[in-house]
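The values are calculated or read from the model by the stated rules, or taken from the named source; none is laboratory data. What you see is a predicted model; the values in this text were computed from it and never measured. Ideal geometry is used to build each Cβ from the backbone, glycine not excepted, and the neighbour counts take in all protein chains shown.
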Amino acid sequence: MIDFHSHILPKIDDGSHSVQESVEMIYRESEQAIKCIVATPHFYASKDSIEPFLERRNNSLQQLQEALQDDECAPRLYIGAEVAYFSGMGKADLLHHLCIEGTSVLLLEMPFCQWDTEILKDVERIVEKQKLTVMLAHIERYVEFQKKREAWNEIFQMPLYSQMNAGCFLNWKKRRMAFRLLKEIPDIVLGSDCHNLSQRPPNLLEGRTVIRQRAGEARLAAVDELGERILQP
């Protein structure tokens, strides 16, 4: 099982505040039989440049790896980023450095507003001009902003992946919408979007249990198969 969205690296964003907290989060994931974790710290182009971000990310990763070096059973860590959309990013340089390790997949956090033509064109340029594969982060969080259904339909006509947070399947207010998305959108992977051990802990196993009960083993297997293909070298 793969957690495609986590803020598990220490002291780099609003996620884990210490190496020890990160280690405990990883142990929590391991207890849930998670084999791979994609570490996706926030990247905001309005606040940061890619090069210093990569340096901080590498330093954070090194600290965590040193703390885990004697644990051969810990899940494998892949490095990436949750890249917040910014205007013109379809023409931006160096985006490939923010992709999930070993892939050309960029985890993209879309803006929480009605998507317009400029936004959709930027995503299209990332796919067609930069030859990157976009993975839309936590797609369930955008639904309420898309009053113009054609924008929603247009982006999902592009060759991209979608990521959903396990938590939306655990929230009874959002559960119906979550299962509708799981039914309508084929290329979905799951993430915990964990930030800590209290308010936003690793919860992938809980979400998967609900999916298995409501959508069936075959749908969950399709999610897992897609995740494995994405991370294949």
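Taking the stated definitions as given, is A84 of a type in the set (A, V, I, L, M, F, W, C), over 16 Å from I230 (Cβ atoms) and touching a helix residue (DSSP H, G or I) at 6+ places or on another chain (Cβ under 8 Å)? Reasoning before the result, please.
Details: of a type in the set (A, V, I, L, M, F, W, C): yes; over 16 Å from I230 (Cβ atoms): yes; touching a helix residue (DSSP H, G or I) at 6+ places or on another chain (Cβ under 8 Å): no.
Spelling it out, it is not the case that A84 is of a type in the set (A, V, I, L, M, F, W, C), over 16 Å from I230 (Cβ atoms) and touching a helix residue (DSSP H, G or I) at 6+ places or on another chain (Cβ under 8 Å).
Across segment 156-196, which residue is surrounded by the fewest Cβ atoms within 10 Å (Cβ to Cβ) among those that are closer than 26 Å to R28 by Cβ and aromatic (F, W, Y)?
Selected residue: W172.
Could you grab me the full set of residues in segment 105-132 that are assigned to a helix (DSSP H, G or I) and basic (K, R)?
Taking segment 105-132 first, the residues assigned to a helix (DSSP H, G or I) are 117-128.
If the condition is that a residue be assigned to a helix (DSSP H, G or I) and basic (K, R), then K121, R125 are the ones that fit.
So F86 ticks every box in (1) more than 16 Å from the chain's Cα centre (by Cα); (2) surrounded by 12 or more Cβ atoms within 10 Å (Cβ to Cβ); (3) more than 21 Å from I139 (Cα to Cα) but one. Which box is left unticked?
That leaves (3) as the condition not met.
Give the residue that is surrounded by the fewest Cβ atoms within 10 Å (Cβ to Cβ), with candidates limited to residues of segment 197-233 that are in contact with an Asp or Glu (Cβ under 8 Å, 6 or more places away or on another chain) and within 15 Å of I2 (Cα to Cα).
L226
Using the structure shown, decide if L94 is surrounded by 16 or more Cβ atoms within 10 Å (Cβ to Cβ), more than 22 Å from V223 (Cα to Cα) and modelled with pLDDT under 95.
no
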